[in-house]
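Worksheet: one structure, shown below.
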Amino acid sequence: MIFRRLPANNVSKGHPTPLTSQEPAMHTQQQTNPPTPERLHGLDALRGLALLLGVALHLSMAYLPGAEYFWIVSDGQHSSVLAGLFYLIHLFRMPLFFLLAGYFGRLGLQRLGVAGFARDRYSRIVVPLVSAWPLVFTGIVIAVVWAAWLKGGGQLPAQSPPGPKFTPDDFPLTHLWFLYVLTLYYVGMLGLRGVLALVDGRDRLGALADAGMRLLLGPWAALLLALPLAACLAIHEGWYAWFGVPTPDQSLYPNLPALVGFGIAFGFGWLLQRQPPLLARIAGNWPLNFALASVGIAICLTLVGVDPLLVAAAPDDAKLVYALAHGCASWALTLALAGLALRHLSGHSATRRYLADASYWVYLVHLPIVMLLQVAMSRLDWPWWIEYPLALMVGMALMLASYQWLVRYSWIGARLNGKRRQRTPTATCVAPGSPAATAMSPESAA
């Protein structure tokens, strides 16, 4: 098996979300036209930040105390600082991504219609999942073999651990599990919409859901949203609480906490898009949500500690308290970061936009690259605060360079983010309303 079974099934594989904005993919050009005001630059900025944090999270795993029990390589330089960083990032990343996926998913459905949306999701989600998985899995196997070869002093072990069976209940989705689960949510949501269209032609249930969202988005939002996830975690047997929601990365059958917890985030984002003015409430409540997240995190770390706790939670009151605190902290931090981004990052930024565009590609390719860097760094006897930033900079440089030179204007980029034309940075004076001016408008960018 590539990942050891102790708490490996509770460790997230990073997932920048392949979302599309409410406008066609565009690219930076020298022009006086302002960016289209409808674009949610704050959420784009949050997506770009999550990209960087995802790579940082997985790179930190080799430096976590006890990494030899759940990761392919354990660096000699363990760090409680990086353990705390991992815990914090892992707390909110996936709820945030599924919330954004639901929000922009419904936005895409409104623009494209059901048939167009289904084709778009098939092209940008299913095809990349099926195409990238063999390459990603091969890269991971290479990293695992290299790590074993180095550990054996230049020799592979005589007997390797058993590998996956590649059956529905034992299938290594790797970090691409996010695309698989997202596809299930899209299919489920389209099916639900079809049923509701037959039984509720006047959208009375939709109006009821809208009223529920208006009631939900008060100071108590994080507490209420956390309850279903907390209940699922509390009854989940063999739960390694420090690692949060068990990641459904080794089976085609998602576990209940992941299916419910991430599904609520997806549905919340979907319903939120029905009433975009509610985003203002999220932006206004970020200080309160940040305070709630701080309290929840303090309770969680008091119960399990900063370093990974490699023992399953006992079925007692402490497990219930931790599940409630974890769920509340996760949702409060998700809403706080979304509010901060909407409030303070609403302006256009070419850098943030570029990172948002690059995020899907980086998500697809990052895990094998991160693993290979971890194996290479394990041969160096340097302090973690030198090795870790160095590997992070090298990895990000490689992935962003590959995006710019191999993906952005290629057929791969067209598949992932839509077609775009490469423009030369030359300034041209054109008359307003002329054909040249029309060709240079943002709406004409493909």
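Laboratory data are not the source of any read-out in this text; all were calculated from the coordinates shown. Here the structure is a predicted model, which is why all the values come from computation and not from measurement. Quick reminder, even Gly has a Cβ in these numbers, built from the backbone with ideal geometry, and neighbours come from all protein chains shown.
Tabulated results
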quantity: Contour minus Cα-Cα distance for Leu196 and Trp411 (0.36 nm per residue); calculated: 73.6 nm
quantity: Segment 190-283: equivalent-ellipsoid semi-axes (sqrt of 5 x gyration tensor eigenvalues, Cα, Å); calculated: 28, 19, 11
quantity: Normalised contact order of segment 304-432, rounded percent, pairs of Cα under 8 Å and 6 or more residues apart; calculated: 20
quantity: Residues Leu252 and Ser123, FRET efficiency given R0 of 22 Å [Cβ-Cβ distance, rounded to 0.05]; calculated: 0.50
quantity: Proximal lysine pairs, the chain, alpha carbons under 26 Å, eight or more residues apart or interchain; calculated: 4
quantity: Ranked packing of 273-286, 66-79, most packed first, by mean Cβ within 10 Å; calculated: 66-79, 273-286
quantity: Segment Val145-His348, length gained on full extension (0.36 nm per residue, minus Cα span); calculated: 68.6 nm
quantity: FRET efficiency, Thr138 to Leu320 (Cβ-Cβ, R0 25 Å, nearest 0.05); calculated: 0.05
quantity: Whole-number Å³ per residue for the convex hull built on Cα positions in segment 330-418; calculated: 149
quantity: Ranked packing of 238-251, 86-99, most packed first, by mean Cβ within 10 Å; calculated: 86-99, 238-251
quantity: Among Val181, Val127, Val362, residue whose mean-square fluctuation peaks in a GNM of the chain (springs only between Cα atoms under 10 Å); calculated: Val127
quantity: The chain: radius of gyration and largest Cα-Cα distance (Dmax), Å; calculated: 22.4, 74
quantity: In nm, spacing of pseudo-spin labels at Leu216 and Val114 (7 Å Cα→C-beta vector); calculated: 2.3
quantity: Cβ crowding within 10 Å averaged over residues, with 394-402, 158-166 ranked highest first; calculated: 394-402, 158-166
quantity: Gyration tensor verdict on segment 189-228 (Cα atoms; rounded if a/c is under 1.5, prolate if a/b is larger than b/c, oblate otherwise); calculated: oblate
quantity: Alpha-carbon centroid distance for the pair segment 289-307 / segment 387-421, whole angstrom; calculated: 35
quantity: Estimated translational D of segment 61-175 in µm²/s (Stokes, Kirkwood radius over Cα pairs; 25 °C; 0.890 mPa s); calculated: 137
quantity: Taking the chain and dividing mean pair separation by its residue count, relative contact order in percent (alpha carbons under 8 Å, at least six apart); calculated: 31
quantity: Estimated distance in nm for a label pair at Leu184 and Ala207, the labels positioned 7 Å out from Cα along Cα-to-Cβ; calculated: 3.5
quantity: Helix-only CD estimate at 222 nm, as mean residue ellipticity for the chain, using -39500 (n - 2.57) per DSSP H run (n ≥ 4); calculated: -20500 deg cm²/dmol
quantity: Helix runs (DSSP H) in the chain reaching 20 Å along axis by Cα, Kyte-Doolittle at least -0.5; calculated: 41-60, 80-121, 127-151, 177-199, 221-235, 256-273, 286-304, 317-344, 350-377, 384-402
